[in-house]
Amino acid sequence: MADQASAWTSAFNDGAFVRKSSEFRDHVTLDGTFAPASGRYHLYVSHACPWAHRTMLARALLGLEEAITVSVVDWRMQADGSWVFNPNEPGATDDALHGAASLEEIYALADQSWPQSGHIGTVPVLWDRTHGTIVNNESREIVRMLTTTFRDAGLTSGPDLCPEPLVTAIDAMIDANYESVNNGVYKAGFARSQAAYDAAVTVLFDRLEALEAHMANRAWLVGDGHGVLTEADLCLIPTLLRFDLVYVVHFKCSLKRIVDLPNLSAYLERFLALPGVRATCDWRHMQHHYFWSHEHMNPHRIVPLAPSQGIHASPGA
C-alpha cells in the first residue's frame, strides 16, 4: 500500500515528501496561440484538491462561470493515483467535452505518449477547445492567467486580484506560504521518518503563527492598511479550509487547529462570506477523498465525523 503515496504525484528522499512538477506549461496570452475568449476553455477539477480549488475560487470571484466551463471528478482517487468521472456521485460530473471515463483519457488526448509516460494526470487542467489540447496543469499559473489575461481581455467582472503595483508582494507571499503551509501539510502527512515529520510540522506551525500575527488588524494578506483581496489569499485559503477538517487528524498536523488561531479563523469566515465562495466548497468531497483515497494511511477507510459547529458544520454546495 505504500506505493499509493508515490502514485499520488510524489517521491521520497530520506523520508521526506517531494512533490513532482506539472507537465503542461503553456499560457493564455492576448497575442499568442492560446487567446482569451469566452467559451473556449474548460477546467477539469476535483472539489477535494486544494490546488484545483484555487482555480475554482478565481473563476467564481472573477465572474467567469459562463466564460469557463467545468467538469468535476469523483472524490475517490484510484489506487494508482488517477481520477475518474462519475455523474452519479453528488458534486461530481461526467466529462462534458469528450465523454471520457477518466482524467487519464484527457491527458492522452493532449499527448499521445501519455499512457506510456508513467505519469499520472493531476488536477486542475485547463483545456483549450480550439486546439483540442491541455494548456496548463499548474494551479498557480492558471490562476494568474485568469486574474491578468482574462481581465485584460475584458472577460472578468469581479475584483482585480492581481493589481500591478502588488505583483511582487503577491508572489512573495505565495512563495512564503507554499513550502511551509500549502505543501507543508503534505510533507508532514506523507513523511516516512520521524525527523522528516518533525521538521515539516515545525516549519508549518511556525508559519501559521507568523500568519496569525500578520493578520492582526488586517482583512487580507497583501497591501497597505487592512490589505486588499488578491491571488495570495486564493492560494492560501484552500489549505486553511481543509486544515481542521482533514489535516489535523489525517496528516498529524495537530499542534493547533485553525479554530485555535482567532485571526486566521476570522480571515476564513471573511473569505467564505464573499459572493460565490461557499458554492466552491464541497466539504464531503474534501473530507472523504483523503480518508478514503489514502488507504495506506487509513486501511479501514474510516471517515471521522465532521465538526458540528464552525465553517464545516453544513455541507457546501
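Derivation of every value follows stated rules applied to the coordinates shown; laboratory data play no part. On a predicted model such as this, the values are computed, not experimentally measured, just so you know. Note that we place each Cβ from the backbone using ideal geometry, even for glycine, and neighbour counts take in every protein chain shown.
For this structure, a couple of remarks:
- Within the chain, the whole DSSP H helices whose Cα atoms reach 27 Å or more along their own axis and whose mean Kyte-Doolittle score is at least -0.5 are 194-214.
- Potential extension, L274-H214 segment - 0.36 nm per residue separation minus Cα distance: 19.5 nm
- Relative contact order of the chain, pairs being alpha-carbon contacts under 8 Å that are 6 or more residues apart, as %: 21
- Euclidean distance of C-alpha centroids, the range 112-136 and the range 248-279, integer Å: 32
- Relative contact order of the range 164-293: 24 percent, from C-alpha pairs under 8 Å at least 6 residues apart in sequence.
- Gained length - A195 relative to H296, 0.36 nm times residue gap less alpha-carbon distance: 34.3 nm
- DSSP beta bridges in the chain [antiparallel fraction, %, rounded to 5]: 70
- Length-normalised contact order for the range 3-152 - Cα pairs under 8 Å, 6+ apart - percent: 29
- Distance in nm between pseudo-label sites at S113 and A96 (7 Å out along the Cβ direction from Cα): 3.3
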